[in-house]
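Data first, discussion second: the structure below is written as C-alpha cells.
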Amino acid sequence: MKIAVVGATGRTGRQVVEQALARGDHVMALARHPEAMPRRGQRMVSAAADVLDRAGLAELLAGADALLLGRRTYEGLSAGYTAMASDPFVDRMNSIPKSVASRTLTEVTRNTQQSSSSTVSR
C-alpha cells in the first residue's frame, strides 16, 4: 500500500511514517519542509506540500492508495473541499480513503476513518 502522510515532519506524522514503513508500506511523506524528515529507506519518498495548493496536492495524491492526516489538517481541508465545485483536487479528496490520527476528533465525515492513536490501521 502507498500511504500519503500529510504533516509527516510533525510529532504524530513521524510516528505514523515509522509504523507504516515497519509494516512494509510505501510512504509519501508530505510536509512544508520535507528536508526535516530524514529518508528512511527505499520505500519512502518526501515531497514539499502546501495544503492550500489544490493542484499541487491533487498531483501528489494521484499515486497514493490512502491519505493520512492529523485532526487540524483534516478539519481545515474537509471544511473547504466539501463545499467546492468539482475539480481534480475535490474529486481526488472525495475518492481517496482517508484516516485521521487524533485523540481529540469527535466526528468524522465522508470516506474517513478515525484512529484514536498514532497507529495506522488497515
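Data table
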quantity: Gain upon complete extension [residue 62, residue 50; 0.36 nm per residue less C-alpha separation]; calculated: 2.8 nm
quantity: Residue-wise HN-Hα coupling along the stretch 27-37, computed from phi with Karplus coefficients 6.51, -1.76, 1.60 (Hz; x: Gly, Pro); calculated: 10, 9, 8, 9, 7, 5, 10, x, 5, 6, 9
quantity: Summed residue charge, Cβ within 14 Å of residue 47's Cβ, Lys/Arg positive, Asp/Glu negative; calculated: -1
quantity: Distance in nm between pseudo-label sites at residue 1 and residue 87 (7 Å out along the Cβ direction from Cα); calculated: 3.0
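FYI, it's all coordinate maths here, none of it is from the lab. This is a predicted model, so every value here is computed, not measured. Cβ sites come from the backbone with ideal geometry, for glycine too, and all protein chains shown count toward neighbours.
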